[in-house]
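Okay, structure first, notes after.
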Amino acid sequence: MNTLIIYAHPSKESFNSSIKDQVIKELQRKKNEIKIRDLYQLNFNPILTEDDFTSFAQNKVPKDVQAEQSAISWANHLVFIYPTWWIGMPAILKGYFDRVFTNGFAFRHSKDGPQGLLNGKKVIIIQTTGQPEQYLKPNQLISAMETSVDVGILDYCGLEILTHKFLYSVPYVDKETREKMLKEVTDLTELL
Ligand SMILES: Cc1cc2nc3c(=O)[nH]c(=O)nc-3n(C[C@H](O)[C@H](O)[C@H](O)COP(=O)(O)O)c2cc1C
């Protein structure tokens, strides 16, 4: 199986970096083929420009977007790893969706409505938070993030979501809890 890891955190010292390393280690152990798109390391340009609009309208995509689309086409599985920033994903990842999940590649519209074009691919999302579950859930903030990402983006494009895992209160938990979290990450890789 081919797995594409799409990772959006700027710091090597972050817990997200440990999650990424754990996912890579487990997938290598399982002998999955892996590609990693570390968006900050790639210096991925997340800004959808006027030139992009002109290209997209002519059914052309810029070279950097083409490279990302080829990686997605290659993959059977996508794994997104990112922290919660302002009840959403980091802007660099939002810009990745803006520029890479284009009309004609990820979805298209017909008279019968929208049609996802990434069918057959499966997705795991691992998202860390700073706020605790007891704050996020009663305020419907988890369901809001699940709806916007899982339904609004991924399912819309035909992707099957295996799980959207939230790891809560990451900056405030002790070492033992973080180790348990990494064990949960290991278990998730069994889905791939
Ligand atoms: C710009 C910014 C915005 C943030 N917004 C939220 C938020 O809306 N909700 C939340 O639970 N945590 C928020 N956080 C906290 C991060 O989610 C948390 O520190 C991170 O998930 C911990 O993982 P890390 O050590 O890999 O960075 C924010 C952090 C930053 C830097």
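The values are calculated or read from the model by the stated rules, or taken from the named source; none is laboratory data. Remember, predicted model here, so these are calculated numbers, not experimental data. Because the Cβ atoms are built from the backbone with ideal geometry, glycine has one as well, and the counts that use them run over all protein chains shown. Accessible surface is based on the protein model in full, side chains and every heavy atom, while ligands, DNA and RNA are left aside. Shrake-Rupley method; radii C 1.70, N 1.55, O 1.52, S 1.80 Å.
Quick notes on this structure:
- Of the residues Ser143, Thr163, Thr129, the one whose Cα sits farthest towards the positive end of the charge dipole of region 2-189 is Thr163 (charges of +1 on Lys and Arg Cβ, -1 on Asp and Glu Cβ, taken about the Cα centre).
- Surface accessible to a 1.4 Å probe, Ser55 within the full protein complex, Å²: 30 Å²
- Rounded Å value of the spacing that divides the Cα centres of region 19-83 and region 92-112: 13 Å
- Stretch gain in nm, segment Ile87-Asn2, where the contour uses 0.36 nm per residue and the Cα spacing is subtracted: 27.6 nm
- Sequence-distant aspartates and glutamates (8 or more away, or on other chains) whose Cα lies within less than 13 Å of Lys25: Glu33, Asp187, Glu190
- Across Phe97, Phe56, the residue with the most accessible area heads the list, and the full order at a 1.4 Å probe is Phe56, Phe97.
- Whole-percent carbon and sulfur share, accessible surface of the chain, 1.4 Å: 51 percent
- At a probe radius of 1.4 angstrom, the accessible area of the chain per residue rounds to 53 square angstrom.
- Distance violations [Cα-Cα > 27 Å] among Lys30/Lys94; Lys94/Lys121; Lys31/Lys122: Lys30/Lys94
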